[in-house]
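Working notes for the structure below.
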Amino acid sequence: MQQRSLGSTGRSVSAIGLGTWQLGADWGDVSEDDARAVLEASADAGVTLFDTADVYGDGRSEQIIGRFLADRPGHEITVATKMGRRAAQEPANYTPENFRAWTDRSRRNLGVETLDLVQLHCPPSEVIDADVTYDALDDLVAAGAIAAYGVSVETVAQALSAIARPGLTNVQIIVNPFRLKPLDEVLPAAAEANVAVFARVPLASGLLSGKYSSATRFADNDHRSYNRHGEAFDKGETFSGVDYETGLRAVDELETALPDGVSLPAATLAWIASRPGVTSVIPGARNVRQAVANAAAGEMEVDLSGFDTAVHDVYDRLLKADIHPQW
Ligand SMILES: NC(=O)c1ccc[n+]([C@@H]2O[C@H](COP(=O)([O-])OP(=O)(O)OC[C@H]3O[C@@H](n4cnc5c(N)ncnc54)[C@H](OP(=O)(O)O)[C@@H]3O)[C@@H](O)[C@H]2O)c1
């Protein structure tokens, strides 16, 4: 598995990481044994980045990761957590005191003295733009509570604002064949500033696996049922904000441009990982089979130029007019 520099931290992370929202079991059911099996299969396959958050299962995802890593001494895994969504998304809540309390809770959940990396969890733009935000984060680094910080964002404008901050280690943003805008400015700006980029929701919540149809039904407690129009959180986080039926049409077209013997999810992950400026792609895996397949995509050596042409063509025709102005 290719390992890449994590900004200027001196750490390396794998080109394919693991997203662990699903392991919190806020949506869908994942037992602790199954969650551990996914972590183990990923780590055994060379994955060295786990992305989590204090709100995933209200700490369950962090705790399972903490217990797993405690049983794996000498591991070289970086845990990137997030903070800021245990309170209302109001600028007044992003205080140094809350930052300290939130990070202390994550340190306990993960069982570590110093958090490897903490990302602000899609805060309001005012928070991303404010000097005091970064002063407080710098203080946490100086105090040894966190080793590094980043920002998870919704929009290109937010990403560019964060990248301009000298102490920033990473931005996390949606990048996938249904979300091409970050390719234009965010990836070049991040590379120039030596800021790492984590590409989240790389399979558009599973749409880019190619396994869904118009008849597919998701469980009531699955965000792919209850957040299709942004009812619970930013609508871009479910199917990347793409209308479901339009997404199915786009998937059909992309499937005609796959290299021989390569599946759509594998091509998608490898394509994202090979965009200059992307540090790590963080798919969510619900089971060991998905975890192993996703990690393998990081080692694939295949010509994706035809797929790349199709991605841009499909995006320009079917998606750009709706998606580009929103994020
Ligand atoms: N605001 C934020 O910062 C934020 C928001 C969202 C996500 N994230 C991070 O990004 C990570 C990834 O996002 P995500 O899980 O929402 O979306 P995703 O990675 O685009 O999609 C995950 C879904 O894709 C399907 N899948 C995964 N691997 C597969 C494979 N090899 N073959 C077939 N299907 C496969 C599974 O669907 P099935 O369940 O149908 O099997 C899985 O639930 C999260 O875990 C989290 O760490 C961060």
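One table, with the values for the structure above:
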read-out	value
Those residues of the range 19-51 which are surrounded by 21 or more Cβ atoms within 10 Å (Cβ to Cβ) and away from the ligand (no atom under 14 Å from the Cβ), in sequence order	43, 48
Close pairs (7 angstrom Cβ cut-off, 6 or more residues apart or separate chains): under 19 Å from residue 213 (Cα atoms) in the range 250-270, part of a helix (DSSP H, G or I) and among the charged types (D, E, K, R) anywhere	264/255
Output for the range 274-322, where each listed residue is among the small types (Gly, Ala, Ser), modelled with pLDDT of 95 or more and either under 20 Å from residue 35 (Cβ atoms) or not in a helix (DSSP H, G or I) (or both)	274, 277, 280, 284, 285, 291, 293, 295
When residues of the range 185-209 are limited to those that are in a loop (DSSP other than H, G, I, E, B) and either among the hydroxyl-bearing types (Ser, Thr, Tyr) or within 9 Å of the ligand (Cβ to nearest atom) (or both), the one surrounded by the most Cβ atoms within 10 Å (Cβ to Cβ)	202
Looking only at the range 1-46, and only at residues there that are outside any loop (DSSP other than H, G, I, E, B) and among the β-branched types (Val, Ile, Thr), the one that is farthest from the chain's Cα centre (by Cα)	38
Answer from 224, 217, 289 - the residue that is within 9 Å of the ligand (Cβ to nearest atom) and surrounded by fewer than 16 Cβ atoms within 10 Å (Cβ to Cβ)	289
Among residues of the range 166-177, those that are closer than 18 Å to residue 308 by Cα and more than 10 Å from the ligand (Cβ to nearest atom), counted	2
Near pairs, Cβ below 6 angstrom, 6+ apart or cross-chain, from the range 191-208 (over 17 Å from residue 273 (Cβ atoms)) to any residue that is among the basic types (Lys, Arg) and surrounded by fewer than 24 Cβ atoms within 10 Å (Cβ to Cβ)	205/224
Qualifying positions in the range 89-144 - more than 16 Å from the ligand (Cβ to nearest atom) and either touching a residue at least 60 places away in the same chain (Cβ under 8 Å) or hydrophobic (A, V, I, L, M, F, W, C) (or both)	92, 99, 101, 112, 130, 132, 136, 137, 140, 141, 142, 143
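The values are calculated or read from the model by the stated rules, or taken from the named source; none is laboratory data. Since we're looking at a predicted model, the values are computed, not measured. Cβ atoms come from the backbone with ideal geometry, glycine included; neighbour counts cover every protein chain shown.
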